[in-house]
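The values are calculated or read from the model by the stated rules, or taken from the named source; none is laboratory data. Everything numeric here is computed off the predicted structure, so don't read it as measured data. In this analysis, Cβ positions are derived from the backbone assuming ideal geometry, glycine residues included, and neighbour counts consider all displayed protein chains.
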Amino acid sequence: MTLPTELIGSIPRPAELLSAIRDHAAGHIDATALAERRRAAVRETIARLESLGSPVVTDGEQGKSSFATYPLEGVPDLDPAGAVIPFADGHTRQLPLLTRGPFRYGGRADAYLTVAQAYATVPVKQAVIAPSALSLLYPAGGIDGYPRERFTEDLLGEAENDIRSCLRAGAHSVQIDFTEGRLALKLDPSGGLLDSFIELNNALLERFSDEDRARIAVHTCPGGDQDSTHSADVDYAQLLPRLFTLRAGAFHLELAGEAEPDRVLDLVAKHTDGEARIFVGVIDPIDPRVETPEQVRDRVLTAARHISPDRLGTCDDCGFAPFADDGSTSRETAFAKIAARIEGTALASDQLGL
């Protein structure tokens, strides 16, 4: 038996797909041609992952504009001047604002899942965005005739349908991307914003049975875009006790990029209940150096000193290209890092006697 190992989601898009996206935006090709290019990228991504021995795959998010904004594609009544997310290197990303209700998703994650399943011969997991991130769409000044309470109920209903559709379609698991956890503490050091995020995400998770929640995971990281982060300077100790109150069946944690992994693992051991599986990050996607399998092995063995191997798994710290236009990591580097994770996890499993 080998410890379970999974990628978080995104893989850098091939040059042909990025060119097709630009051509479509410029009106040079139609939506059908772009969709065909996306499917080709999904097929090639999954074939590469399976050739590396990945026991679980994703579509590499080849069809998404970003991990966060896929539900907004085609949604009317959006003002582009929404919340600005600053990164440590000075670049920013910006969310839109909703200008009118009711709020409905423009796209659903199961559409990406079913395309991936058509090409995969191993289980496929699917990432979805946390409702806490999308809650930032609601303007501080409110919307006439559409109070925040109604927006929140609509948002939870859409997020629930997003997950249920993936579970019904046979997803191996559904991973809720909650990358705004540490960012919330940066925006509001009192912890009030983070507490509201946790409350909202738990309101979603509580709509599912224990059996369903066993297939629902939560991923957290300090952001990862263009080789920079938005909240790595926020102490993990402020997030983890609250994070583990989420009623999820598994957690995927950024760890390889942490300066003090043993300290973080101590916190994980202290605040988890012994039931949820913990996938620890053993690959840092924003580090240009490709980890060796032996480095991965040693990171896993360190984690196993704190977390029982029967609850342990490995992952990458975050996606390699959460936004489609992020070319800071090459596609070849991403696959090399994934190969090191898979091989290093197997080496650690052997040493642990699994």
> Any idea which residue in the range 143-162 is farthest from Ala83 (Cα to Cα), counting only those that are touching a residue at least 24 places away in the same chain (Cβ under 8 Å) and surrounded by fewer than 16 Cβ atoms within 10 Å (Cβ to Cβ)?
Replying inline: Asn161
> When residues of the range 103-141 are filtered for being surrounded by fewer than 17 Cβ atoms within 10 Å (Cβ to Cβ), more than 24 Å from Ala184 (Cα to Cα) and aliphatic (A, V, I, L, M), how many remain?
Replying inline: 3
> If only one of Thr179, Thr152 is polar (S, T, N, Q) and not in a loop (DSSP other than H, G, I, E, B), which one is it?
Replying inline: Thr152
>> Anything in the range 339-352 that is β-branched (Val, Ile, Thr) and buried (at least 24 other Cβ atoms within 10 Å of the Cβ)? List them, or say none.
In response: Thr345
> In the range 322-338, how many are modelled with pLDDT of 95 or more and surrounded by 17 or more Cβ atoms within 10 Å (Cβ to Cβ)?
Replying inline: 6
> Any residue at all in the range 203-222 that is within 25 Å of Pro285 (Cα to Cα), of a type in the set (S, T, N, Q) and more than 12 Å from the chain's Cα centre (by Cα)?
Replying inline: no
> Got a number for residues in the range 245-263 being under 30 Å from Pro293 (Cβ atoms) and surrounded by fewer than 22 Cβ atoms within 10 Å (Cβ to Cβ)?
Replying inline: 8
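Condition check ((1) surrounded by 22 or more Cβ atoms within 10 Å (Cβ to Cβ); (2) aromatic (Phe, Trp, Tyr); (3) in contact with a Leu (Cβ under 8 Å, 6 or more places away or on another chain)) across all residues:
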position: Val174; (1), (2), (3): yes, no, yes
position: Leu187; (1), (2), (3): no, no, yes
position: Ser190; (1), (2), (3): no, no, no
position: Phe197; (1), (2), (3): yes, yes, no
position: Leu204; (1), (2), (3): yes, no, yes
position: Phe208; (1), (2), (3): no, yes, no
position: Gln226; (1), (2), (3): no, no, no
position: Asp233; (1), (2), (3): no, no, no
> Which of the residues belonging to the range 4-53 are assigned to a helix (DSSP H, G or I) and either touching a Leu at 6+ places or on another chain (Cβ under 6 Å) or among the hydroxyl-bearing types (Ser, Thr, Tyr) (or both)?
Replying inline: Ser19, Ala20, His24, Thr32, Arg37, Ala41, Thr45, Ser51
> Is it fair to say Ser54 is modelled with pLDDT under 95 and under 30 Å from Gly344 (Cα atoms)?
Replying inline: no
> Would a scan of the range 5-13 turn up a residue that is surrounded by fewer than 17 Cβ atoms within 10 Å (Cβ to Cβ), out of contact with any Ser or Thr (no Cβ under 6 Å at 6 or more places or on another chain) and not β-branched (Val, Ile, Thr)?
Replying inline: no
> Among the candidates Asp316, Asp284, which residue alone is without any contact (Cβ under 8 Å) to a residue 60 or more places away in the chain, among the acidic types (Asp, Glu), closer than 18 Å to Gln226 by Cβ and surrounded by 18 or more Cβ atoms within 10 Å (Cβ to Cβ)?
Replying inline: Asp284
>> I'm trying to understand the selection: among the residues of the range 165-223, which are of a type in the set (S, T, N, Q) and in contact with a Gly (Cβ under 6 Å, 6 or more places away or on another chain)?
In response: Thr179, Thr220
>> Please determine whether any residue of the range 277-292 is among the polar types (S, T, N, Q) and closer than 18 Å to Asn202 by Cα.
In response: no
> How many residues, within the range 14-48, are surrounded by 14 or more Cβ atoms within 10 Å (Cβ to Cβ), among the aliphatic types (A, V, I, L, M) and either in contact with a His (Cβ under 6 Å, 6 or more places away or on another chain) or under 21 Å from Ser328 (Cβ atoms) (or both)?
Replying inline: 6
> Scanning for something of a type outside the set (Val, Ile, Thr), within 22 Å of Ser66 (Cβ to Cβ) and in a helix (DSSP H, G or I), does the range 207-215 turn up at least one residue?
Replying inline: no
>> List the strands (runs of 3 or more DSSP E) inside the range 228-345, counting only whole elements, that have at least 1 residues being over 26 Å from Ser51 (Cβ atoms) and under 16 Å from the mean Cα position of the chain (by Cα).
In response: 250-253, 277-283
> Can you name the number of the only condition in (1) basic (Lys, Arg); (2) buried (at least 16 other Cβ atoms within 10 Å of the Cβ); (3) over 21 Å from the mean Cα position of the chain (by Cα) that Arg100 fails?
Replying inline: (2)
> Given the structure, is Phe87 out of contact with any His (no Cβ under 9 Å at 6 or more places or on another chain) and aromatic (Phe, Trp, Tyr)?
Replying inline: no
